[in-house]
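A short write-up of the structure that comes next.
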Amino acid sequence: MGDEKHTARSGPVRILIVDGHAAARDGLALLLSRQPDLAVVGATGGREEALRLAAMHSPDVVVIDTSLVSDGGSLCEQFRKAYPATRILAWSLHSDGQAQQVCATLADAYILKELAPTEIIPAICRLLNGNASH
């Protein structure tokens, strides 16, 4: 992530991953943990655990699977209320308009899980630098 603006902060960017699929969650955690300026502070498949981990670690970014966003969005709303500075990145297996529309109102950015791993880290950098995309 090199010379990106967010690296001016002290310490690594704290990331919390919330995904009901263990393989996706663990794979993303492994990928992100290899970056020296990123720290995965937690990875979980449950809402309550996500909120507990957020309270413990104050993440800068929360990556949330859209299956957890689209069933009411209460998790995103809870994050927004409790941690207004935390950026929310929704990620999904689906590229349909409905998933993107839900995420556009509840998350700061949206990304497809099918993207190459080399594209996920720049997407997080853009999100942190205020260049969110849906």
Once amide hydrogens are built 1.01 Å from N within the peptide plane, the residues lying 5 or more places from GLY45 or on another chain with amide H under 5 Å from its amide H are ASP19
Return the long-range amide H neighbours of VAL13 (sequence gap of 5 or more, or a different chain), with a cut-off of under 5 Å between placed amide H atoms. LEU38, ALA39
Considering amide H positions built from the backbone, and no H for Pro or chain starts, which residues 5 or more places from ARG87, or on another chain, come under 5 Å of its amide H? VAL61, VAL62
Counting only other residues whose beta carbon sits under 14 Å from that of GLY42, what net charge do I get with K and R as +1, D and E as -1? -1
Using the Karplus curve 6.51 cos²θ - 1.76 cosθ + 1.60 with θ = phi - 60°, work out ³J(HN,Hα) for each residue of region 108-114 in order, rounded to whole Hz, and write x for Gly and Pro. 7, 7, 9, 9, 8, 5, 6
Based on the mean of other beta carbon atoms within 10 Å per residue, what is the order of 23-29, 86-92, 109-115, most packed first? 86-92, 109-115, 23-29
In whole Hz, with x marking every Gly and Pro, tabulate ³J(HN,Hα) for region 30-47 from phi via Karplus 6.51 cos²θ - 1.76 cosθ + 1.60, θ = phi - 60°. 5, 4, 5, 5, 7, 8, x, 9, 10, 10, 7, 8, x, 8, 8, x, x, 4
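Any read-out appearing in this document is the output of simple, stated calculations on the displayed coordinates, not a laboratory observation. The structure displayed is predicted, hence computed values, not measured ones. Heads up, the Cβs are rebuilt from the backbone with ideal geometry, glycines too, and the neighbour counts pull from every protein chain shown.
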